[in-house]
1. If you place +1 on the Cβ of every Lys and Arg, -1 on the Cβ of every Asp and Glu, and leave all else neutral, what size is the dipole of segment 140-187 about its Cα centre, to the nearest 20 Debye?
2. Which of rounded, prolate or oblate describes segment 2-99 when judged by the alpha-carbon gyration tensor and an a/c cut-off of 1.5?
3. Working only with C-alpha atoms, what are the Rg and Dmax values of segment 31-88, expressed in angstrom?
4. Cα atoms only: what Rg and Dmax, in Å, come out for segment 109-314?
5. Taking the chain as the reference, fit the longest principal axis to its C-alpha atoms, fit the long axis of helix 280-294 to the helix C-alpha atoms, and give the angle between the two in degrees, 0 to 90, nearest 10.
6. Could you order the peptides 39-52, 75-88 from most to least packed, using the average number of other C-beta atoms within 10 Å per residue?
7. Specify the angular offset, from 0 to 90 degrees and rounded to the nearest 10, of the alpha carbon long axis of helix 13-24 from the longest principal axis of the alpha carbons in the chain.
8. Listing Ser157, Ser172, Ser192 from the residue with the fewest other Cβ atoms within 10 Å to the one with the most, what is the order?
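None of the figures in this text is laboratory data; all of them are computed from the coordinates on show. Because the structure is predicted, anything quoted here is derived from the model rather than measured. No Cβ is skipped: glycine too gets one built from the backbone with ideal geometry, and neighbour counts run over all protein chains shown.
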Amino acid sequence: MPLSTAHIATDHPARYVKQLISHLGHEVTAELTGAGRATITFPHGTCSLTSSPRELVLIAAAADLDALAGVQDAVTRHLQPLGTQEELRIGWREPIAGDALEIVAPAVDDYLLAHCTPAGQVLTELADTTREATGRAAGMQVSADEGALLEMLVRLSGARTAIEIGVFTGYSALCIARALPAGGRLLACDVSSEWTDIARPFWERAGVADRIDLKIGPALETLRALPGEPSFDFAFIDADKVNYPAYYDEIVPRLNPGGLLVLDNVFLGGRVLDPAFQGDDHQAMRRLNETVAGDERLDCVMLPVRDGVTLARKR
Ligand SMILES: C[S@@+](CC[C@H](N)C(=O)[O-])C[C@H]1O[C@@H](n2cnc3c(N)ncnc32)[C@H](O)[C@@H]1O
């Protein structure tokens, strides 16, 4: 499904969002989804609107290029006349396919991997063993640069208590655990003993096994069984996407003030941008991305690292 974006320079983006929604509300489904944010559903496609301090960002999507042109035209025709005090310049970019987004060019990818602190022997061997033992599933493992990012974040935040949802063969858990100070603890949650059994000898070799509590079982049950008050300084969610909103709801109240939550795969391969994808996981991730951006309990930043990583720090 093709999609196209437009950035409109203005000091009043939220005002235009509100005006456009009330203007179009009678003709199409138009819904305010948060402060200065909205989604309009036309018969032939959708357009989402987001306000940032000095611009209004539009993302239009439709089944084919003709339908996309129809969405662009409808939005432009209704939005342009709202600029009575200023001229709104609506320049749509060339359409791209939502599920074929290349977030980082391969050459940049090679370059950045060559310029991170090397992962070291144990992590490199864990990645090799994971490939041999799990085949295609090995693609679930965090990459070396994302592992380095997690390690850096744990060290920078000074976290002592951490939780991970989605362990697999233990790569990200190892990165988190080895960045904790002496006496630090990581509660690592997964449903699979088969995969997490691969982790244990590598955690031992890295000298972090004694600071990781592995809990096998549905992570939602594990979370709900924990005390409700804040106790974690760091949390990483990288498990079944459909449960991300539920994990988020359970983890945020359990984060200490200043605690950091890291969410992996927030782009879902670009599919969150593309309304052609309406699977439960796509809908859950879209809903969560909206929730996090508007959650007054946290400050957040979404990074184009791998499949999208959101950092959310509890106020
Ligand atoms: C993307 S992998 C995690 C990768 C891991 N972070 C790493 O660096 O290798 C997702 C993991 O989530 C686990 N998982 C899926 N559904 C789960 C659930 N309901 N509760 C707990 N873990 C779950 C899977 O068993 C799998 O190991």
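1. 260 debye
2. Prolate, because a/c is 1.5 or more and a/b exceeds b/c.
3. For segment 31-88, the Cα-based Rg and Dmax read 11.9, 35 Å.
4. 16.1, 48
5. 80 degrees
6. 39-52, 75-88
7. Once rounded, one gets 60 degrees.
8. Ser192, Ser157, Ser172
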